[in-house]
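Read the figures in this text as sums done on the coordinates, not as results from a lab. This one's a predicted model, so the numbers in the text were calculated from it and none came from an experiment. Here the Cβ positions follow ideal geometry from the backbone for every residue, glycine too, while neighbour counts run over all protein chains shown.
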Amino acid sequence: MTRTVAGLSIAIASGCAAIPPQDNPANVRVADCENPILVAPGEPSGNGYAKLYETVIDVLDDDFELKPTSRYSGQIETLPRIAPGYEQPWKGGSPDIRERLLATKQTIRHKAAVQILAGERGGYRVFVEVFKELEDLPAPLGVNGAAVPTGVAIFQDAPSVDRQAEVMAVEASGTRQWIPQGRDFAFEQKIIRKIRDRINRPDCLR
């Protein structure tokens, strides 16, 4: 009995349950959804796809500005967006506390990509990815282009009549540089849940 209860607990904690057999259509409610998820099962028509596509657009539009896309491509991408930190609580972003704290202390941006694929049993698989990037800020440089060690001041050792001030400056750059930081899985789950709920399928299937 103890082993049965333990095994059931592990199965529930691991995520969404698999699709039940055809002769057992009962769905199992769980807290988290797999990525990708299967939505709109039993609606393989053009109207079903159009509804799903518009739903994904509507969900992504809550947090991002979208790139131009074609409905028939099944691929939706967003433009990068600076992640709001705790100083901007009114702006939606990652629901993860740690990610929000990092965005408060440094410049991080997100961009999302959603792919809609034909799934088994007449549904559609929706795969959500949210990528995060850290801004690569250059180190201060002297006027001669030499790197300045952190916390070290520059002084003239020998007196000189023609003394020139050592001006500190930040290296100019035409474009901002960003360092990939992997994916924000909590943000992905937030988007997946919204898609699932707005498509009127409260149960998570895969």
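For Lys194, Lys105, Lys67, what ranking results if the residue with the fewest other Cβ atoms within 10 Å of its Cβ goes first? Walk me through the intermediate numbers first.
Numbers: Lys194 18, Lys105 9, Lys67 12.
Sorted ascending by nearby Cβ count, the order is Lys105, Lys67, Lys194.
Can you sort Thr78, Thr107 so the residue with the fewest Cβ neighbours within 10 Å comes first? List each step's numbers first, then the result.
Details: Thr78 20, Thr107 16.
Ranking Thr78, Thr107 by Cβ neighbours within 10 Å, fewest first, gives Thr107, Thr78.
Figure the gain on full extension for Asp136 and Lys91 (residue separation times 0.36 nm, minus the Cα-Cα span) and round it to one decimal in nm.
So the chain would gain 13.8 nm between Asp136 and Lys91.
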*Hey, with R₀ at 22 Å, roughly what FRET efficiency would Gln115 and Phe185 work out to, going by the Cβ-Cβ distance, to 0.05?*
0.85
*Theoretical gain in end-to-end length, Ser70 to Asp197 [0.36 nm per residue, Cα-Cα removed]*: 43.3 nm
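As a footprinting exposure proxy, order Tyr53, Tyr124, Tyr86 by other Cβ within 10 Å, with the fewest listed first. Present the calculation step by step, with values, prior to reporting the outcome.
Values: Tyr53 19, Tyr124 23, Tyr86 12.
Listing Tyr53, Tyr124, Tyr86 from fewest to most nearby Cβ atoms yields Tyr86, Tyr53, Tyr124.
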